[in-house]
Amino acid sequence: MLVDSHCHLNYKGLVDRQDEVLGNARATGVAAFLNISTKQSEWADVVGLAEREADVWASIGIHPHEADGHADLGKASLLKAASHRRVIAIGETGLDYYYDKSDREVQQALFRTHIEVARETGLPIIIHTRDADEDTAAILADEMGKGAFPALIHCFTASPEFGRRVLELGLTISISGIVTFKNARDLQEFAKEIPLDRLLVETDSPFLAPVPHRGKVCEPAFVRNTAQFVADLRGESLEDLAEATTANFYSLFGKARR
């Protein structure tokens with residue numbers, strides 16, 4: 001049994017064939033899906049799918065690319081949405097200095113707002129970070145000093161040094177299909193270091209299809225390819241890695257167990 005801990009089932013390429021996509025994944029042993037929102041206008045659809053499908057859960061948040069359009073989003077809106085019985089996480093949120101689609105100070109402020117909500121609700125915060133290692137780590141350390149909160153770095157592509165820093169802060173790390181790419185040598189080496197009890201796998205579908213599906217629309221079914229690749233890297237069986245990452249998912253996202 002596997003879990004796709006990060007997918008966008010309401011995005012183009014998947015939304016028009018959700019039943020087929022979910023069926024494909026279930027047939028490969030994927031038993032749960034965390035469907036992620038990136039802006040407020042998506043929340044209703046993301047939660048609606050989770051209401052219809054017992055094995056699909058929802059996360060509500062604002063991606064850093066969308067920060068400028070949500071600069072005035074208050075904590076109250078996130079808290080209200082997070083109270084829904086099918087919402088098990090806050091995010092994705094974080095910092096993206098690669099594309100810089102939103103003002104960096106606005107990204108940082110909204111990131112901290114999400115952290116406050118994660119701390120207050122106890123729901124894990126799902127973090128996107130790209131070319132922003134120092135600021136992401138600094139904000140996480142500063143906010144942890146105000147009070148602990150559960151957190152996940154999704155689609156990990158940062159430096160091993162950053163990875164070690166967030167592990168020391170108590171975070172979990174999720175690996176996507178990028179790990180299967182030939183030029184991902186540093187990520188492949190770091191994937192061997194991640195403690196088994198702090199590791200998740202994901203697709204980030206419809207993006208980043210793993211080998212041997214590169215060039216295709218990514219689907220949650222492909223999480224099995226990523227899991228097999230990571231298991232081989234680490235010298236573990238797919239069965240052991242699947243069992244551990246599934247247990248880690250339900251440990252981190254405890255609301256999914258209720």
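If I ask for residues that are in contact with a strand residue (DSSP E or B) (Cβ under 9 Å, 6 or more places away or on another chain) and in a loop (DSSP other than H, G, I, E, B), which ones from segment 151-187 would you list?
The answer is HIS154, CYS155, PHE156, THR157, ALA158, LEU169, GLY170, LEU171, SER176.
Scan ASN24, ASN35 and give me the residue that is surrounded by fewer than 18 Cβ atoms within 10 Å (Cβ to Cβ) and either in contact (Cβ under 8 Å) with a residue 12 or more places away in the chain or touching a Pro at 6+ places or on another chain (Cβ under 8 Å) (or both). Don't jump to the end; show me each part of the working.
On the way: ASN35 fails: surrounded by fewer than 18 Cβ atoms within 10 Å (Cβ to Cβ).
Criteria check complete, one pass: ASN24.
For ILE115, state whether it is in contact with a Phe, Trp or Tyr (Cβ under 7 Å, 6 or more places away or on another chain), under 25 Å from LYS255 (Cα atoms) and at pLDDT 95 or above. Before you say what the answer is, go through the steps one by one.
Numbers: in contact with a Phe, Trp or Tyr (Cβ under 7 Å, 6 or more places away or on another chain): yes; under 25 Å from LYS255 (Cα atoms): yes; at pLDDT 95 or above: yes.
Against the criterion (in contact with a Phe, Trp or Tyr (Cβ under 7 Å, 6 or more places away or on another chain), under 25 Å from LYS255 (Cα atoms) and at pLDDT 95 or above), ILE115 qualifies.
Considering only residues that are of a type in the set (Phe, Trp, Tyr) and either free of Cβ contacts under 8 Å to residues at least 24 places away in the same chain or not in a helix (DSSP H, G or I) (or both), which ones fall in segment 188-230? Lay out the reasoning, then the answer.
Restricting attention to segment 188-230, the residues satisfying the condition of being of a type in the set (Phe, Trp, Tyr) are 190, 207, 222, 229.
The answer is PHE207, and nothing else.
For (1) more than 28 Å from VAL21 (Cβ to Cβ); (2) of a type outside the set (A, V, I, L, M, F, W, C), each residue gets a yes or a no:
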position	(1), (2)
ASP135	yes, yes
GLU168	yes, yes
SER176	no, yes
ALA184	no, no
ARG198	yes, yes
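Tell me, please, whether a residue that is part of a loop (DSSP other than H, G, I, E, B), within 16 Å of the chain's Cα centre (by Cα) and on the phi < 0 side of the Ramachandran plot can be found in segment 18-38.
There is at least one residue in segment 18-38 that is part of a loop (DSSP other than H, G, I, E, B), within 16 Å of the chain's Cα centre (by Cα) and on the phi < 0 side of the Ramachandran plot.
Can you name the number of the only condition in (1) of a type outside the set (A, V, I, L, M); (2) closer than 18 Å to MET1 by Cβ; (3) in contact with a Pro (Cβ under 7 Å, 6 or more places away or on another chain) that ASP186 fails?
All conditions are met except number (2).
Here is a check on your reading of the model: is LEU140 under 24 Å from TRP57 (Cα atoms) and among the aliphatic types (A, V, I, L, M)?
Details: under 24 Å from TRP57 (Cα atoms): no; among the aliphatic types (A, V, I, L, M): yes.
For LEU140, the condition - under 24 Å from TRP57 (Cα atoms) and among the aliphatic types (A, V, I, L, M) - is not met.
The values are calculated or read from the model by the stated rules, or taken from the named source; none is laboratory data. What you are looking at is a predicted structure, and each value in this text was computed from that prediction instead of being measured. Reconstructed Cβ throughout: ideal geometry from the backbone, glycine too, with neighbour counts over all protein chains shown.
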